[in-house]
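Asks: Questions regarding the structure given below will be posed in turn.
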Amino acid sequence: MIRFEDVSFTYPGASGPALSGVDLEVPEGELCLVVGRTGAGKSTLLRAVNGLVPHFSGGVLGGRVLVDGRDTRTNPPRELADVVGLVGQDPQAGFVTDSVEEELAYSMESLGLPNPVMRKRVEETLDLLGLADLRHRPLATLSGGQQQRVAVGAALTAHPKVLVLDEPTSALDPGAAEDVLAALHRLVHDLGMTVLIAEHRLERVAQYADRVVWLSSDGTVVAGDPGSVLASAPVAPPVVRLGQLAGWEPVPVSIRDARRRAGELRSSLGSPASVAPPVGAEVMRAADVRVRYGSVEAVRGVSLAVGAGERVALMGRNGSGKSSLLWALQGSGKRSGGEVLVEGVDPASLKPGPRRRAVGLVPQQPGDLLYLHTVGEECRQADRESGREAGTCRALLDRLAPGVPDDRHPRDLSEGQRLALVLAVALTPSPKVVLLDEPTRGLDYPAKTRLAEALAELGHAVVLATHDVEFVAEYATRVVVLADGEVVADGSTGEVVTASPTFSPQVAKVLAPLPWLTVGDVARALAAR
Amino acid sequence: MSGAVHPGAWWLWALGLAVVASRATNPVVLGLVVAVAGFVAVTCRQDTPWADSYDMFFKFGLAVLGIRVLFHVLLGGVDGPTVLLDLPEVPLPDWARGIRLGGPLTAEGLVFALCQGLQLATLLCCVGAANALANAKRLLRSLPAALYEVSVAVVVAMTVAPQLVASARSVRRARALRGDVVRGVRAVKLLLVPVLEGAFERSLVLAAAMDSRGYGRHAGLPTRTRVLTGFLVLGGLVGLCVGAYALLDGGSAGVPVLVVGAVPAAAGLWTGSRRVRRSRYRPDTWGTREALVVGSGLIAAVTAVLGPDLVMPTVPLTAPDLPLLPALGLLCALAPVLIADRKKP
Amino acid sequence: MSVPIRARAAVALGGSAVIGVAAFCWPLFVPAGGVSVEAPWLFALLLPLVLAVALAEISSGGMDAKAVAMLGVLSALGAAIRPLGAGTAGIETVFFLLVLGGRVFGPGFGFVLGNTMLFASALLTGGIGPWLPYQMLASSWVGLGAGLLPAMRGRVELVVLAGYSAVASVVYGLLLNLSFWPFALSAGSTSVSYVPGAPLGDNLVRLVGFSLATSLGWDVGRAVTTVVLVLVTGPVLLRTLRRAARKAAFTGSGLG
């Protein structure tokens, strides 16, 4: 269905190729997963399928890409709209209209389909993706998962033979991600659609893949059976790493396969020694915090005490009040009731300058914090506004992400580099507590590991809101679960995440009932034996 | 959605009322127009962001009425024998000849100004009723296909505008995180740049999405149609130019030439529309209800045109009467209340 | 990215300009006999058609997805910040975007931007009315004119743009007053109403009198805010807009 024949591609002005010598064939009715480090060219590969590369991006394409027998060289994206449906990273940014039904119909209108056909397909798609109740809703009022499903639906109504998705679950909470993936699974199995997905959160998608394409940083690809390709790639979900560690052949990709093999490992490992992590003196105390927007109460009486060096993960569905709580704790956001004290001082009573020396916050869109034209200017500005000696911010940045050029525009950085820059800016005044809102979005496994290590090394008290259970398992010492603005669970990471399947990391699922959380823990235990 | 009357029908209905108002300075007739427009607007408006437009325009109309009267008091104009007040006249330099500041204020002049102001306010009320009743988004969907690109740009604008407001808010909050209190002129720069950068990135993402979804698959026009379109459009424009000149020259030919010029221009728009090969999902259709709504407005307009003079006599001052035929016509314009869907409670 | 103006579209633009000028300025030239009562209304009805024809001719020359998306985003920006100034004595927050947008992306883009920005703003606020076509036409001239300014860079460009904005703001205000004048005050009804057949100079004096009495504060406010905004945000915005234009010409992002 999709065929790449010796494809290479170089962006205009780029020093090296983004893709080189790619030979790839994806047969009809397969779900194919594209993996690779951040910046390896996954989006480029996906966009080459419908001709956005090179028609929209410019640049030089060598070789050829055939989709359903059509050459993308001679067919620009709009002419391929009836064969390839593309769903971008940020569904909201790709919406042309503002209501669900109109958005679903847009592609069909462009294709000039007759009205009765459009009516029929819109109804089918609404049912297929479980959107029927939302049909008249404005898109802006939908949750992230609903928006993602609308974006998938909008691509589906044109009845394309190929569906291409760029990180469809990275912004979603585990439950919403399941919904989207279940819908995709049904498309492949019931309708025989060919699906190509790029994703960083492999623990969510790898089990559904029929084939994995590993795109290495020099632009070449390795394609094949999921287990074997992932085992040799630098990015792999924990279950694959565990399989490699235990020497299982073939390497399992799903929890089910891994559990079948895990009996021996479970009995040989035994329970992990439970060590209560040391908690330092209390640096932040929040009591009965409430945040109300109009008639909606986003946070209802949350109390939280954080000790020095403690790393607290806030988890919970989209809209459970995590972000509101972080902003209220920092003092810049709204707080309708309750009290927050950082070393005895309420940060909300401070001026913004001293406030950031007490509590630092990295918001969900880290780019909002940046407004200058180069990385160097941002670093110098951060030193100035924190009253630190010159070079403090730059040194922090080099520690978090070495080798970011000084003269680069912040908008041109990769997700990981931009996050590192913003984190460095936030850490420059060395605040007592650091709050992070969804820090792992768009980061691959090695980048996440580096982030976790750097944060642990710096030793700040950290509160982070996230959906990323694997990151939590690896990094957090304590987990607080919010639902509807209230704390429903609070305890050490091991206790909380193993108690609920939605928040369980893969290793815990494989080795349940034993409360092992990460491959690293298991490896250390095996090595100590 | 399907239950609502076509927005174009509401505008034509409001245009009918506006025709009545434009011919009348009789306060009774004007009051009746305001009442009819207001009653229909309040009864038939749907639950849209524009539903409150009538109130807004009504208040605006009152303000305009006040300003018009103030103008008369200060700058004079039509006079009569009954002097109410003699304001001192301010002498103006020679170049400003013809402008009078101050001077006697007469009852006749005041009534005249009041009626003119009321006429203007009534016209505003008609526009307000149309704004409240017609769903602007659906009106946008009814633009001719030749304006497809422009209408997509407007649709995009309406989708993106609220997102930009949200993004400005989050940037502002983020600025506070860097220890800045953003105020004054500096705020424009500090807020605008991140919001704009974000907006432009968004525009590229959006453009890619539109491209992938078939935006701009043009059929291309056969040469004959293209030539015909050019001929019609340019011919029509020339006709309109000639008509405008004739109108300003004082000749009686102006109006007919303008109308004659408009026809090929509109036809050119129609033939040019065939360049866009696309269809409409659930297009707004014209049915009996639309015809009835437009018809009721048309009756009001026709009765006002055919009926007696609706001008308020000022010299000598007499009480305004209520001419029967236009009044009946205006009552017909209440028909949408019975025809159109009412707002759900 | 740019919106090309082909020969036919240029002719259509010229024709629409002639009719537009007539629609705005007829009270100044109208002969002593006066025109029929319908004339002003006829112009108000014809103007949307003329605008539609001009826009259709421009867009038939090709507007790619990038241009449309950029138009949409800039219009959204205008529509979103316009209410900030509304009501506060003439603070007009749209013009500087129009001037800078037209300057960077060219006359065709500027013309369309003037239309879409005002139209989107009117749709969002429920402000559609007979005045809208007049506003759209006048503001599209502002955008078009900014695109036609000669090539220059740096400080000179900024000063010229600021000067252009000041003139454009005042002329825009006068044109809109002119369009509203005969509706607000019928012929000869006050001493600042137009008088059919009177010498051009006399009617101009009356127009200025009308403007002084009504909107001059707003017009001056609009000119001042626009000049200040152009001077303050110009260097940064021109850089940002040109960066966007460069990126759109050959997208460098999308690696990932």
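Asks: Return the lysines within reach of A:Lys334: Cα separation strictly under 23 angstrom, same-chain partners fewer than 8 residues apart disregarded; answer none if there are no such residues.
Replies: A:Lys322, A:Lys351, A:Lys432
Asks: How many partner chain Cβ atoms sit within 10 Å of a residue's Cβ in peptide C:14-20, on average, as a whole number?
Replies: Partner Cβ neighbours, averaged per residue: 5.
Asks: On to the next question. What does the average come to when, for each residue of peptide A:409-419, you count the partner chain Cβ atoms lying within 10 Å of its Cβ?
Replies: 2
Asks: Work out the length of the dipole vector of region A:10-125 about its Cα centre, built from +1 on the beta-carbon of each Lys and Arg and -1 on the beta-carbon of each Asp and Glu, and round it to the nearest 20 debye.
Replies: Using only the charged Cβ atoms, the result is roughly 480 debye.
Asks: To the nearest 10 degrees, how steeply does helix C:200-213 sit against the main Cα axis of chain C, on a 0 to 90 scale?
Replies: Value to nearest ten degrees: 70.
Asks: Residues of region A:81-149: accessible area per residue at 1.4 Å, in Å²?
Replies: Roughly 35 Å² per residue, with all protein chains present.
Asks: Hydropathy first: keep DSSP H helices in chain B averaging at least -0.5 on Kyte-Doolittle, then drop any whose Cα extent along the axis falls short of 24 Å, and list what survives.
Replies: B:7-23, B:27-44, B:53-75, B:107-133, B:148-177, B:184-212, B:223-248, B:254-272, B:288-306
Asks: Using only the alpha-carbon atoms, how far is helix A:415-427 inclined from the longest principal axis of chain A? Give it as 0 to 90 degrees, nearest 10.
Replies: Tilt of helix A:415-427: around 10 degrees.
Asks: Among the trypsin sites (Lys or Arg not before Pro) within region C:126-217, which fall in a DSSP loop and have no more than 14 other Cβ atoms within 10 Å of their own Cβ?
Replies: Details: sites: C:Arg153, C:Arg155, C:Arg206; in loops: C:Arg153.
Taking region C:126-217 and a limit of 14 other Cβ atoms within 10 Å, the loop trypsin sites (Lys or Arg not before Pro) found are C:Arg153.
Asks: Let me ask another. Once you charge only the Cβ atoms, +1 for Lys and Arg and -1 for Asp and Glu, what is the size of the charge dipole of region B:218-281 about its Cα centre, to the nearest 20 debye? Don't skip to the answer; put the middle values down first.
Replies: Numbers: 7 positive and 1 negative charges, 135 e Å.
With only Lys, Arg, Asp and Glu charged at Cβ, the dipole is about 640 debye.
Asks: Please report how far the C-alpha centroid of region A:284-320 lies from that of region A:387-432, rounded to the nearest whole angstrom.
Replies: Region A:284-320 and region A:387-432 have Cα centres separated by 28 Å.
Asks: Do the sum for the protein assembly as shown: with -39,500 (n - 2.57) for every DSSP H run of n ≥ 4, divided by all residues, what is the mean residue ellipticity at 222 nm, to the nearest 500 deg cm²/dmol?
Replies: Theoretical 222 nm ellipticity from helices: -18000 deg cm²/dmol.
Asks: Here's another thing I want to ask about it. Mind checking how much accessible area B and C bury in total, 1.4 Å probe, in Å² rounded to 100?
Replies: Chains B and C together bury approximately 6800 Å².
Asks: Rounded to the nearest 100 Å², what's the accessible area chains A and B bury against each other, both chains counted, probe 1.4 Å?
Replies: The A and B chains share an interface burying roughly 4700 Å².
Asks: With the Cα gyration tensor of region A:282-520 giving a ≥ b ≥ c as the square roots of its eigenvalues, does the rule (a/c under 1.5 for rounded; else a/b larger than b/c for prolate; else oblate) give rounded, prolate or oblate?
Replies: Oblate, since a/c reaches 1.5 and b/c is not below a/b.
Asks: Calculate what fraction, in whole %, of the accessible area of region B:218-281 sits on carbon and sulfur atoms when a 1.4 Å probe is rolled over the protein chains. Walk me through the numbers before you get to the answer.
Replies: Numbers: 2280 of 3210 Å².
It is 71 percent, rounded to a whole number.
Asks: Continuing with the same structure: Carbon and sulfur together cover what percent of the accessible area of chain A at a 1.4 Å probe radius?
Replies: 49 percent
Asks: Okay, next question. Quick one: with all protein chains in place, what share of the accessible area of region B:143-216 is carbon or sulfur, to the nearest percent (1.4 Å probe)?
Replies: So the carbon and sulfur contribution to the accessible surface is 63 percent.
Asks: Per-residue Cβ counts within 10 Å, from other chains only, averaged over A:2-12: what number is that?
Replies: Mean partner shielding for this stretch: 1.
Asks: Any idea how far the Cα center of region C:182-214 sits from the one of region B:254-303, in Å?
Replies: If you average the Cα positions of each part, the centres end up 35 Å apart.
Asks: Relative to the longest principal Cα axis of chain A, at what angle does helix A:144-156 sit, 0 to 90 degrees, rounded to 10?
Replies: Helix A:144-156 sits roughly 10 degrees off the main axis of chain A.
Asks: Moving to a separate point now. Projecting each Cα onto the charge dipole of region C:7-249 (Lys/Arg +1, Asp/Glu -1 at the beta carbon, about the Cα centre), which of C:Gly78, C:Gly221, C:Gln135 comes out farthest on the positive side?
Replies: My answer, from the dipole projection, is C:Gly78.
Asks: From the convex hull of the Cα coordinates of region A:436-515, what is the mean projected area in square nanometres?
Replies: 5.7 nm²
Asks: Could you tell me what percent of the DSSP beta bridges with both partners in the protein assembly as shown are antiparallel, to the nearest 5?
Replies: DSSP beta bridges in the protein assembly as shown are roughly 60 percent antiparallel.
Asks: Only Lys, Arg, Asp and Glu count, each charged at its Cβ (+1, +1, -1, -1), so figure out the dipole size of the protein assembly as shown about its Cα centre, rounded to 20 debye.
Replies: 760 debye
Asks: When only alpha-carbon atoms count, how far does the protein assembly as shown stretch along each of its three principal axes, as whole angstroms with the largest first?
Replies: The Cα atoms of the protein assembly as shown stretch 115, 70, 61 Å along the principal axes, largest first.
The values are calculated or read from the model by the stated rules, or taken from the named source; none is laboratory data. This structure is a prediction, so every number in the text was calculated from the model and none was measured. Backbone-built Cβ (ideal geometry, glycine too); neighbour counts: all protein chains shown. With ligands, DNA and RNA removed, areas are computed over all heavy atoms of the protein, side chains included. Shrake-Rupley method; radii C 1.70, N 1.55, O 1.52, S 1.80 Å.
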